[in-house]
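Worksheet: the structure to be examined is printed underneath.
The values are calculated or read from the model by the stated rules, or taken from the named source; none is laboratory data. Only a predicted model underlies this, so the values are computations on that prediction, with no experimental measurement involved. Reconstructed Cβ throughout: ideal geometry from the backbone, glycine too, with neighbour counts over all protein chains shown. Remember, those area values only see protein heavy atoms, side chains included, never the ligands or the DNA or RNA. Shrake-Rupley method; radii C 1.70, N 1.55, O 1.52, S 1.80 Å.
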Amino acid sequence: MADVLSSKQLKRLSEHKYSSQCSTILDPIMQIFWRWLVEQVPTWWAPNSITLTGFCINVFTAILLVWYSPDARQQPPAWTCILCAVGLFAYQSLDAIDGKQARRTNSSSPLGELFDHGCDAISTLFVTLSMCIALNLGVDPAWMLYQVYAAMGLFYVGHWQAYVSGTLKFGKVDVTEAQFAVMGIFIITAVFGSDFWSYKMPMVDLELKYIMCLSTTGIALIFTLIPTLKAIFVDGGIGRNGSTVAGTSVVFPMFSLLAIITIPVIIYQKSETSIYQHHPCLYLLAFGMSMSKITIKLIVAHMTKSELEFLDTIYIGPAMLFFNQYFNTILNEYIVLWMCLVSTPYIIIQ
């Protein structure tokens, strides 16, 4: 961290206090279970270790689905979907109790919060990607791209709002409800197969997969996105003249979001080898990890009350694909895509 953050940023990070407002429908009910669950956890189990365990379970189960359906068009084995549902519930539960365990053992720290949110930023990618595979969305790559970036975009906007107001706010329908919906999708796919989502509803002449996507979009728009954007642009920030916690413009984080979304869309549209259509999961993992890094950078800016810098080494991977296309694909796009994917986790860890 010392090589990444200045001494002033480290000081502000050490002084950071977690602030959140939660009013979701299911959280009050789940809190009963989570409070019971944390009491069953031994006190020697470190909070960060709980976070890491849930994260690894989530990533492992998602990778299983990717392994069996790398193009998101093949029917994954039923047991992998059941495992994903169980893994997501385990991740949700462990993610809910890590902070409780920290307070229970008097080991709360800003670094623990940063680690938690960082794991969540990456987990959002794996949860959404595995959901797309369960829905068989690979048959429509454009919808699959939209679904992954919509979910990750909402997570980014949530922390953008925290950067502006100093408080992480959750809507009536938020993360917990979305996770249970995804668990339901996994279970339905396990029981009826991914072809179930191709059934066309006669009244609206739409397949169930699209009805599910449109429904989640509408719910997210009403209960999450609109209230969050209102908090950012209408209510303003807690800094001077309505600025962010760092005293910077509330608008600036939008440019990082637009850049990390626009680049993969351009590459997808202009690829002569249809790299995304042939390898959608690999493509979304590579670019999704880049978006996770941008989100983590925003979280760090919030917790250290510092300016969010636009330039970042995470753009190196996407830039390799972009310039490879610009110079008439002098290198095999599949190889460059793998280079992008392999370099991204390394840059995130750095």
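Structure summary
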read-out	value
Region 294-322, subset open to solvent by less than 30 Å² (accessible area, probe 1.4 Å) and of a type in the set (Gly, Ala, Ser), residue farthest from residue 161 (Cα to Cα)	317
Filter result (open to solvent by 30 Å² or more (accessible area, probe 1.4 Å) and more than 18 Å from the chain's Cα centre (by Cα)) within region 86-129	86, 100, 103, 104, 105, 106, 107, 108, 109, 111
Failed item, numbered, when residue 34 is tested on (1) without any contact (Cβ under 8 Å) to a residue 40 or more places away in the chain; (2) surrounded by 11 or more Cβ atoms within 10 Å (Cβ to Cβ); (3) among the aromatic types (Phe, Trp, Tyr)	(1)
Within region 134-143, considering residues that are open to solvent by 30 Å² or more (accessible area, probe 1.4 Å) and in a helix (DSSP H, G or I), the one nearest to residue 67 (Cα to Cα)	139
Condition met for residue 106 (out of contact with any Gly (no Cβ under 6 Å at 6 or more places or on another chain), on the phi > 0 side of the Ramachandran plot and either of a type in the set (Asp, Glu) or touching a residue at least 60 places away in the same chain (Cβ under 8 Å) (or both))	no
Matching entry among 269, 325, 277 (being over 26 Å from residue 168 (Cβ atoms), open to solvent by 90 Å² or more (accessible area, probe 1.4 Å), out of contact with any Asp or Glu (no Cβ under 6 Å at 6 or more places or on another chain) and in a helix (DSSP H, G or I))	269
Whichever residue in region 61-85 is open to solvent by 60 Å² or more (accessible area, probe 1.4 Å) and touching a Phe, Trp or Tyr at 6+ places or on another chain (Cβ under 9 Å) and, among such residues, is nearest to residue 277 (Cα to Cα)	74
Any hit, region 290-300, residues being modelled with pLDDT of 95 or more and in contact with a Lys or Arg (Cβ under 9 Å, 6 or more places away or on another chain)	no
